[in-house]
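Structure record follows, encoded as structure tokens.
Since every read-out is calculated from the coordinates, none of them should be taken as a lab result. This is a predicted model, so every value here is computed, not measured. Methodologically, a virtual Cβ is constructed for each residue, glycine included, from the backbone with ideal geometry; neighbour enumeration extends over all protein chains shown.
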Amino acid sequence: MKVSLLLMFVCVFISACQQSDEQDLNGKQVVVTTGATDNAVSAESSSLPTDLIPASMQRAGDAVAGKHALINQPIVSCGIPLSAMKQLDANPLYTFSEREGEAAQLAYNLNLVEDEQGVQIAASNCLTCHAAPLFGELVIGLGNEFLDFTTNASAVVEQSGALVSGESETQAWEKFANRIAAIAPYIQMQTAGVNPANNLTFALMAHRDPQNMQWHEEPLIKPPPQLAPPVSVPPWWRMKKKHAMFWMGEGRGDHASIMMTAAILCADSKQDVQKLDAIAPDIRTYIESIEPPVYPFEIDSTLAQQGKKVFEDTCSACHGTYGEQVSYPNRIVPIDVVGTDPSLIEFAFGDGQAYVEWFNQSLFAELAQVYPSKGYVAPPLDGIWATAPFLHNGSVPTIRALLNSPTRPSLWRHEVTDSASKTQFNQSDLGWNFIDLANNAEASAGVGAAWVYDTRVKGYSNTGHQFGDGLSAAQRDAVIEYLKTL
Amino acid sequence: MVEVALSFYGSNRFWHVLGRCKYRFCLLGAATLALTACSEGGSQPTRNAADYPDQFRQQAEVIAQGLKRLRESPSTKDWLVDSSTPAAFVQPGAPFETWLFLALMRDQHGRRYAMQQRLARLKVTDERAEAISQWNFSDVLALDYRLEPVGGHSAIDTHTVQQADRVALSLAGTSAAQSKLWIGGFTTTKTTKKTTQRQCEASYSIQTPQLNLLFEQFSCASEQRASTILVTRSESMRVSGEYRFQGRDLVLDGRGWLERAWGVPPDTNQSAVVFDRAWLWLEDTADIQLQRSRRRSGRGPMISTGSVSKPSLSGRSDVGRDQTAPSTLTQVVFADGAAQIGTHTFPSEFRLTEPSHAIDVVLTSTHTPETAGGIELNRLMAVAIEGSHTGVGFVSYAVTKGLTSDVPE
């Protein structure tokens, strides 16, 4: 397992719009901004259900300060002592030149933090999941779809303890190791590439008092199921258009408050949360400023123009419009319409209600609420070309397969384990090269088995979203070409 | 990635051997003369001792000081000359190399034996010495060797430990050209047969005053890398040879492993986590390699991981080209038994379960209070296996209790 996976925390951020005069957790006035987009494509323009998510109040922040906080402040306050981390990963491939001192030598997804004993710690920031190398460059905001959570996260952290010595460093390491040991059973995945973000957050909630944030070694509410539902990590640049966070649109209200819940691994008091809250609006504002990468290969502009027409006739009612007439409806498509894997929804309306209640009784509920829907949000498609695999569970390897459901592989394996090589990117189908194992279970064993995506596993289904099936081959080609321009 | 690399240093006895070595170097200082030249101008880029972790640096400094005394207080005593200029360290900046050979064998009468031999090489100066004499103290070799019976047959006096002070008797050396290391009568020679990206055929000849063994390697070793450590770890190899004991020649056959490491070792004596290891031969069934992490504090989870490979042939010489690739043991639990060896603080029994492979066995140490010796940082002991499977193996147990701050003589 890569060093970056030692520390896995998911901060899912969002941005949006409007104004208010409420107060945040630090007692400061909430400043409200107005949204850059609206529901320009109205529900009336299609025959789809009309569950459109309204915009919600957001606290304003400073994007520059937000990036600085993101890569320098203690997003997560525990981790591996710096002395050990330097032995584990002495020469990380991607670092931030704007960092200073020892921090400048840390990998992009680790922040330098100092604990109460003065121990310097390499602690994860949000970029472990929300940044990824793409063709040799680190792209902040691109969800990393090549992380491997198929092994026991606790095992890696425990092993790192062999590099930790001395009383204060051991104490610092042990706090982190204990927390990871508590949540590790719930964040192990069947397949490399998909993310256990939901279960991670649930596991953190289960061990905490929602009001005073005190950590309990034994869970206070029933822990999530150990078969974690897989999620694909959505890119941050979508957030400027979205009114709600997460695939079901359940994160409503102040997104800065919601995103903090994924960073509470070692936030053990209201004061700790207030420290996070002080920087969260800036970070949210920074995320709102991020733009998607530009498609780096040639585009047939004539074909793309043809695709635009097809897209707007077929897809825009849910996914919005792009170019000069920007719109995004923030539409929740009911599960019986979209037909994709229902596991997230089933859990949210089953045992997951405990977590909904936890949040809505917690410190974070002062400005935000969790409100799951019985459907999935059709996301904005900016930069969609870079975000394979597709659907909320990452079950479909290419856009072409997404738009032609009978051709989707039911058992497939990533041909690559990172997004580094341009030659491994399929420009025709928009996705990373993969091998269709054609239900050959034997072919899925042995070397690379962790990278096999089995759509027969609960939560991993590739059904639904059949809206492209009716396209002709030429129309499909045109839409794919158009998507490269977004 | 780091798993084996870290565990390796957590499971060896090198520090114990070197701990003894450092005292004996003081004795050497009174007797050895300026043959220990450490000349300037070496071209090999190396790290300074100050860059090393504390424990390593302390050891290196003690040895370097001993060498300085040797130069300042020359002796007129003549010594044998059989060392050559040592081969370069494999990696620049890696002042520490080890070779751990483990073998589990039967003789022609069905009696079982376990052999462990660890060679360690430590750079003690930052310059590679010129061969102005055949003496060279730019590095030190240490050897820890033991051949013991497993399973109740009569004890054979094979317990031998050759320590680093043999270097001072000029009976140790390394040779890159012949891929050879030797300490006194103990010699290890590698012969490379075929090396491609997928094939790494080689043999290792191990010779001791009484034992000749040949390890035959057919597959490439897996590589584990961290910033300061590199470990290559073989799948099981075929082992064959002869043992000369009390005028009788015993023919040995079995299997073995080699772990080769380079790097700058961490200070495992104080680390928050230690590793236990096991290499097991479930006869006619499978070879297993295990690792377990354990906190020195005794709190927190113990996490076991492992792999199994199944030979495709039967019989004693069933290791070779057709051996299957190892697969991960997904449900392995490796637990301590309650029994201890005498008054020592480490267990004498372990229980291994792996439901998906129907494995439920007890591993019993061959050590007795009489043979266990002192407490070491790491106890590498042969074990007999009984339960759902039978066989023999090795367990390396990291001792965390009963140690003093100094390594016992």
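Rounded to the nearest 20, the size of the Cβ-charge dipole of chain A about its Cα centre is 620 debye, with Lys and Arg at +1 and Asp and Glu at -1.
Can you give me the relative contact order of the stretch A:301-483 as a percent, contacts being Cα pairs under 8 Å and 6 or more apart? Spell out each step's value before the answer.
Details: 268 pairs, mean separation 57.6, N = 183.
Value for the stretch A:301-483: 31 percent.
Quote the relative contact order of the stretch A:67-208 in percent (integer), defining contacts as alpha-carbon pairs under 8 Å separated by 6+ residues.
Worked out over the stretch A:67-208, it gives 23 percent.
Our helix-only sum for chain A, with -39,500 (n - 2.57) per DSSP H run of n ≥ 4 divided by its residues, gives a mean residue ellipticity at 222 nm of -7500 deg cm²/dmol.
The charge dipole of the stretch A:301-483, taken about the Cα centre with unit charges on the Cβ atoms of Lys, Arg (+1) and Asp, Glu (-1), comes to about 220 debye, rounded to the nearest 20. Quote the FRET efficiency, to the nearest 0.05, computed for A:Thr423 versus A:Ala474 with a Förster distance R0 of 30 Å and r equal to the Cβ-Cβ distance. It comes to 0.65. Relative protection proxy for A:108-119, A:77-88, A:212-223, from highest mean packing down: A:77-88, A:108-119, A:212-223 (other beta-carbon atoms within 10 angstrom).
A crude spin-label estimate for the pair B:Ser205 and B:Ala339, with each label 7 Å from Cα along the Cβ direction, gives 4.1 nm. Here the dipole of the stretch A:261-395 is about 140 debye; that uses its Cα centre as origin and unit charges on the Cβ of Lys and Arg (positive) and Asp and Glu (negative).
Look at A:Val164, A:Val139 and count the other Cβ atoms within 10 Å of each Cβ; fewest to most, that gives A:Val139, A:Val164.
Evaluate the relative contact order of chain A (contact order divided by residue number), counting alpha-carbon pairs under 8 angstrom at least 6 apart; express in whole percent.
20 percent.
Across all directions, the shadow cast by the convex hull of the stretch A:301-483 built on its C-alpha atoms averages 13.1 square nanometres.
Cross-link check: pairs A:Lys86/A:Lys275; A:Lys175/A:Lys275; B:Lys194/B:Lys310; A:Lys67/A:Lys222; A:Lys241/A:Lys374 evaluated at a Cα-Cα cut-off of 25 Å; pairs beyond the cut-off: A:Lys86/A:Lys275; A:Lys67/A:Lys222.
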